[in-house]
């Protein structure tokens, strides 16, 4: 049964049990919010969504007030507008006035609120909370002075990522978002997934920006700068460049980077293809050993760190492979110099990724060979967009540079690793071929493309019946792991992606995020795969060449040296 | 007994793994050690299956918990409205001047620590202060100086 | 004397309607109508302890020991005369009980010497307690003849400071527990709710919500598990009525909680009490243990089929936990942040179950209402606002303490008549009612009968009942600043208007009462603009804050801007605090006759505002002076003074 509400003089329909805010939004009426986030529990903290309800002495927060029959609501009366304005002014009074220098300049929700409410005067000067910027993490920079304490990061970290690295601490004017004992992020249980960055309305949580550091390497004699970009970046960066969301920008990315001064540009999906080859080998080895636990993928660096912190007992179940990007990096550092005849020039390896945790990953001791990092710099989709804008190139009239075919640099099925379920989908193709000697029709694996946190399929390959599954979003993953540990589920191969939806929803992705955009990005990845001539990693000529020239066969000594890694239990306060 | 053993002993008194045991547990730790250590936070989180950020977040919300050990003489100053009117503010600034500590701090020699308490309800005798368990009513600056001097002397002799 | 458990339970259940002579005698002993040896009671609750009750106790013990006297020494709660502590009462066999004030350890000797020899030590005397069957002391006023007591209606406080709070027999002998036990035998849950609705009892914690209605709502919400929570957080500075009730008569509260639990069909109750209230905690804990051993708590209470557990939880200290949803959050082991209402706790409270939160004073009324009836209760106070209210008076009052009056009594009566106004030579400037989120009332408004609606009509609140008396030597703006800084620290920080608003208000008020290191930029205009901001801010804070704390936080500002605007203007424009409280606004001078020219003040002056030549009188340059008063403190010749 519908409920009738009178809003600003006209009637709207609401559903029983919903909040005023959701009824307003469904009816196309906009009320500003800060603390509210779709899919997360409401808190009613920011008071931005207040509306006037007849008969109520005070204004009511529409985000937490349930609809009742015959409510008379005014959403934009002078009284409401004044209240919203003063509350935003109060926030601004404790906010550093450095918008021009702020990472979120132009994408800041506080900024647009102030703009929309026509705040043009500093009416409330006051002391500001003295906080230090935390730059300890290679992935995330936290500036508490810009924090407006909406708690979105807290809720996303707890409810979606099952990590709770951050929580509210202290109270009153001392209230802040803090790790346990106020430790720097890098010494906390933060896994650097970056979901909080997507949630943060201001510049309080931003990525550790690295792209300006590249400048000293570009055009430098004696240096060869090689970039690899991930598929998730290719399908997302369009959003920040005024292009249609979901456009595959691979060509533009390659062209701009080369014009900007990079020497070579390759796709991260090449590393993913190689990883798939190795994964199949590892899988069979594990099968032979007869492990009771599934083979769990290790391509998501946030997930890897999560296991090291929370489930050290699962470390033996983790695939011993490096992540696709690190495999790509390994190839760049160890093989590419031969191909391009770099001589004694120094290779600078740059990763362009939708992932903030990749910044952390690049600094792992395990990701170095003789003390030298495999990937020197990691920049996010957002950083890339800025680099592209900085290049000054007119994207509409850009003559795209074709890929340099002399350098093996592109992947096939590996493109799918950009979305949740993609890694197992891509791996299944090669695995199936390996076990049965035949190719599986790609559409038979589309169960991995349903838009759900948990995706599962049984695949009959040769004599074997395999249960393959994918889970994304750590809170779902944790539940699944508990079930597996309790023996309630038996899975042979399990893909875990920390971010809900996988890399297309990574912490380094364009803002603002919404579910619709993530679906568009994912669809773009699927389109890319559907349209490809070659859809199996083992058929990728570049992969074949790499195995011929360098690795020999999956699981070889060279592979193990270059592409495998180790994991260690991490002792942090959880 | 080691710190961990003492903590474990307290944890055993709270066998139920329920969030509503968190405050009583922290209170027990605070009473035992006088503060909540990093080890204790980790153990409590583990015991209650709670993220430590929640334990820390909760503990910092309330006045009762501190994260550094107290001094040998813990000075409490009531800052209720009556005591404020009676001059607790002056007492506070005098202590800060004499001992160079403010609310929640401890002197370097670990002799004195200071806590500003909200009304303890002895409004008839304002301003009220206490050193450990001993109360002082209607304290004036001169008396305060003498009190602190006395404890200093007690400690050295 | 070991009271007979069976006898007590019979008595409590009303099974001894006509006691025999022997039983009556026994009863008189239990309730101390009759003592066989001298009884000395010392108020050992915190107000007494702070004033030195422990030392007094020790002095009495050694007095008794030295003389090998047969005396019963016993602890009591407070009779409500906080500024007269330590209060000691002495009851000689056959005689009425005498109450003495300010019995410090050094006075014990002469006091006991006198009383034991039937001499009255006049200077410490308060009065004697009227009781039937006891011989009165000649020429000693009865307590109920002294203005402080005579104008009160001590209903809830009747036994506080009179009885031994640790003694369950004494509580029962004075009629305790009959109400609860008869109720669980003869009345249904909803009958109790209805009775309380009829009594007109309203919550004493500020809002004045009808208690019975609250219960009914919880009672009618279907659930297997319901909770009653006694809110004993009492975090308003200057409020100590709940503490006194708990320390002075813990069984009364526990009986009240039991009744409330029964009324909503709950068998689980919690007392959420401030951890600072150590004495109250001890007394309540001991009382709960006693009740359990008597079978009055636990499963199947006296074969009635009703189960009840009461547990005590120590609140770790946060002002905002006085708000019911914050209190529930705290009890659940979370940060004490209030939640949006609806849903109300009576529908979804502690652990998501229907929960009634009542404060101590509200609950303490229940045994009396059930014992004496709804009509009796309605006979006290005003229609629509029944019963009594306890106020705790502090500040610059002649007497600080607890005053219990019928609803409808004016603040004028309380302040001017009951506690005798302010100290001699001072004039009453205002009273501040309701703690940090309360409001200030000028003397000419004090005739309003105290009731929820009456006060609300003129924009005032009752709050929990703390009354801070202010004389002409206290500064309105400074006091408001104190409250605002307090609220700023105590705000949970969840919602913007409260967190940021209180902070800005505190800063604006600080700017008015303090002198900044340099006055550039902070001109009179800025301060004035600040005051204009205060009014805008106040309206929005009230309109948009999540809970009562933020909504009422501007009350002190709003009420003082209305009634004491002149004082703000003096601070802003004249930079003057007429009461000389805002130390930074004082103007300092050096007395040329006293100054020896030692130069220490000039050396210590942080603003380099003192000039002069050694051995000659120094001089303060007013334009440079920041008013910190360091010169005053360092001067060894008392040459520095202020106007």
Exercise for the section: Take residue C:375, project a point 7 Å from its Cα along the Cβ direction, then tell me which residues of segment C:193-208 have their backbone nitrogen under 16 Å from it. Expected result: C:195-196, C:198-200
Problem - Theoretical ellipticity at 222 nm over chain A - DSSP helices of four or more residues, -39500 (n - 2.57) apiece, nearest 500 - result: -9000 deg cm²/dmol
Exercise for the section: Please determine, in degrees from 0 to 90 and to the nearest 10, the orientation of helix B:141-156 with respect to the longest principal axis defined by the Cα atoms of chain B, where the helix direction is its Cα long axis. Expected result: 60 degrees
Completion exercise
In chain C the DSSP beta bridges are antiparallel at a rate, in percent to nearest 5, of 55 percent
Exercise for the section: Just round it to a whole percent: the fraction of Cα-Cα distances in chain C exceeding 33 Å. Expected result: 52 percent
Handout entry: Per-pair calculated FRET efficiency, R0 = 22 Å: residue C:142 and residue C:113 via Cβ, rounded to 0.05
Key = 0.35
Fill in the blank from the handout: The rounded separation in angstrom of the Cα centers of segment B:1-74 and segment A:229-269 is 51 Å
Completion exercise
With R₀ set to 35 angstrom, the calculated FRET efficiency between the beta-carbons of residue A:549 and residue A:219, to the nearest 0.05, is 0.75
Handout entry: Estimated inter-spin distance, residue A:389 and residue A:72, nm [label 7 Å along Cα→Cβ]
Key = 4.7 nm
Exercise for the section: Looking at the protein assembly as shown, send over the antiparallel percent of its DSSP beta bridges, to the nearest 5. Expected result: 55 percent
Fill in the blank from the handout: Taking Cα atoms only, helix C:189-199 is inclined relative to the longest principal axis of chain C by an angle, in degrees rounded to 10, of 50 degrees
Fill in the blank from the handout: Projected convex hull area of segment A:220-563, Cα atoms, direction-averaged, in nm², equals 16.5 nm²
Handout entry: Förster-model FRET efficiency, 35 Å R0, residue A:345 and residue A:566, C-beta, rounded to 0.05
Key = 0.70
Problem - Cα coordinate range in segment C:534-643, projected on the principal axes (Å, largest first) - result: 62, 24, 20
Practice task
Using only the Cα atoms of segment A:277-347, each taken as one equal point scatterer with no solvent, compute I(q) by the Debye sum, divide by I(0), and report log10 of the ratio at q = 0.11, 0.14, 0.15, 0.19 Å⁻¹.
Solution key: -0.39, -0.57, -0.62, -0.81
Problem - Rounded Å value of the spacing that divides the Cα centres of segment A:1-73 and segment A:367-382 - result: 48 Å
Exercise for the section: Over the residues of segment A:377-520, compute the C-alpha Rg and express it relative to 2.2 N^0.38 Å. Expected result: 1.28
Problem - Cα radius of gyration and Dmax for segment C:169-378 (Å) - result: 15.6, 45
Problem - Hypothetical label at residue A:105: residues of segment A:361-391 whose amide nitrogen lies under 18 Å (7 Å Cα-Cβ projection) - result: A:382-391
Handout entry: Size of segment C:62-111 as Cα extents on the principal axes (Å, biggest first)
Key = 32, 27, 18
Problem - Rounded if a/c under 1.5, otherwise prolate or oblate - segment A:21-96, Cα gyration tensor axes - result: oblate
Exercise for the section: Let me know the Rg and Dmax you get for segment C:381-474 when you use only its Cα atoms, in Å. Expected result: 12.2, 40
Practice task
Quick one: pull the percentage of alpha-carbon pairs in the protein assembly as shown with a separation above 46 Å.
Solution key: 49 percent
Fill in the blank from the handout: Along principal axes, largest first, the alpha-carbon spread of chain A in whole Å comes out as 78, 57, 49
Handout entry: Distance from segment C:532-608 to segment B:90-111 (C-alpha centre basis), Å
Key = 25 Å
Completion exercise
Per segment C:477-574, sqrt(5λ) over the Cα gyration tensor eigenvalues, sorted largest first, in Å, gives 23, 14, 11
Handout entry: Cβ-based exposure ranking for C:536, A:476, in which fewest neighbours within 10 Å come first
Key = C:536, A:476
Fill in the blank from the handout: Restricting to Cα pairs under 8 Å and 6 or more apart, the percent relative contact order of segment C:2-72 works out to 28 percent
Fill in the blank from the handout: Dividing the mean separation of Cα pairs under 8 Å (6+ apart) by the residue count of segment A:1-43 yields a relative contact order in percent of 22 percent
Problem - chain A: relative contact order in percent, alpha carbon pairs under 8 Å with at least 6 residues between - result: 15 percent
Handout entry: segment C:31-141: C-alpha pair distances exceeding 25 Å, %
Key = 12 percent
Problem - segment B:3-61: C-alpha gyration tensor shape, a/c 1.5 cut-off, then a/b vs b/c - result: rounded
Practice task
Quickly work out the residue C:578-to-residue A:26 label distance, labels modelled 7 Å from Cα along the C-beta direction, and quote it in nm with one decimal.
Solution key: 6.1 nm
Handout entry: Helix axis angle, C:524-544 relative to chain C longest principal axis, alpha carbon, degrees
Key = 30 degrees
Handout entry: Additional length obtainable on full extension of the chain from residue C:417 to residue C:62, 0.36 nm per residue less Cα span
Key = 123.8 nm
Problem - At 0.890 mPa s and 25 °C, Stokes diffusion of segment C:28-72 via Kirkwood alpha-carbon radius, µm² per second - result: 209 µm²/s
Completion exercise
Helix-only [θ] at 222 nm, chain C, -39500 (n - 2.57) per DSSP H run of 4+, per residue, nearest 500, equals -11000 deg cm²/dmol
Fill in the blank from the handout: Assertion target for C:444, B:74, ordered by fewest C-beta neighbours within 10 angstrom first, is C:444, B:74
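Taken together, the values in this text are just the output of simple stated rules run on the coordinates, not laboratory data. Treat the numbers as computed from the prediction; the structure is a model and nothing was measured. A quick note on method: Cβ atoms are made from the backbone with ideal geometry, for glycine too, and the neighbour counts reach across all protein chains shown.
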